[in-house]
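Participant: Okay, here's the structure, questions in a sec.
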Amino acid sequence: MRSLFSVPEPVTMSAATIAPNWLGAWETSADLAYCRDLSGRIVSANLAFARKFGRAASSFAEASATEFM
């Protein structure tokens, strides 16, 4: 019997590919925001988070979130 529905193949992307979209509306928020992966490494941080720690937002890539807690 043939199925009426097809199941798409899973899509895989590296964190570097999708990191700029992780924060969405939080990207320009005055509130501190960051996203981390399951290992605790920061994949994206907004400008408010960067200013709080006196660093460029791009400098947080691959840094451990525990360094800032």
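The values are calculated or read from the model by the stated rules, or taken from the named source; none is laboratory data. Quantities reported herein were computed from a predicted structural model and do not represent experimental measurements. Positions of Cβ are generated from backbone atoms using ideal geometry, with glycine treated the same way; all protein chains shown enter the neighbour counts. All accessible areas refer to the heavy atoms of the entire protein, side chains included, with ligands and DNA or RNA removed. Shrake-Rupley method; radii C 1.70, N 1.55, O 1.52, S 1.80 Å.
Participant: Kindly list, by first and then second residue, each pair from a residue in the stretch 45-69 that is open to solvent by 70 Å² or more (accessible area, probe 1.4 Å) to a residue that is not in a helix (DSSP H, G or I), limited to pairs with Cβ atoms under 7 Å and residues at least 6 apart or on different chains.
Facilitator: Here the result reads Lys52/Leu32; Glu62/Arg41; Thr66/Gly40, each pair linking the stretch 45-69 to a residue that is not in a helix (DSSP H, G or I).
Participant: If I go through the stretch 11-36 residue by residue, how many of them are acidic (Asp, Glu) and at pLDDT 90 or above?
Facilitator: Of the residues in that region, 1 qualify.
Participant: Can you find, within the stretch 30-44, the residue that is nearest to Ala61 (Cα to Cα) among those that are open to solvent by 30 Å² or more (accessible area, probe 1.4 Å) and part of a loop (DSSP other than H, G, I, E, B)?
Facilitator: Step by step, filter the stretch 30-44, then rank; the result is Asp37.
Participant: Return yes when Ser58 is within 15 Å of the chain's Cα centre (by Cα), at pLDDT below 90 and not basic (Lys, Arg) and no when it is not.
Facilitator: yes
Participant: Please go through (1) of a type outside the set (Gly, Ala, Ser); (2) in contact with an Asp or Glu (Cβ under 8 Å, 6 or more places away or on another chain); (3) modelled with pLDDT under 90 for Arg41 and return the number of the only condition it doesn't satisfy.
Facilitator: Status for Arg41: all satisfied but (3).
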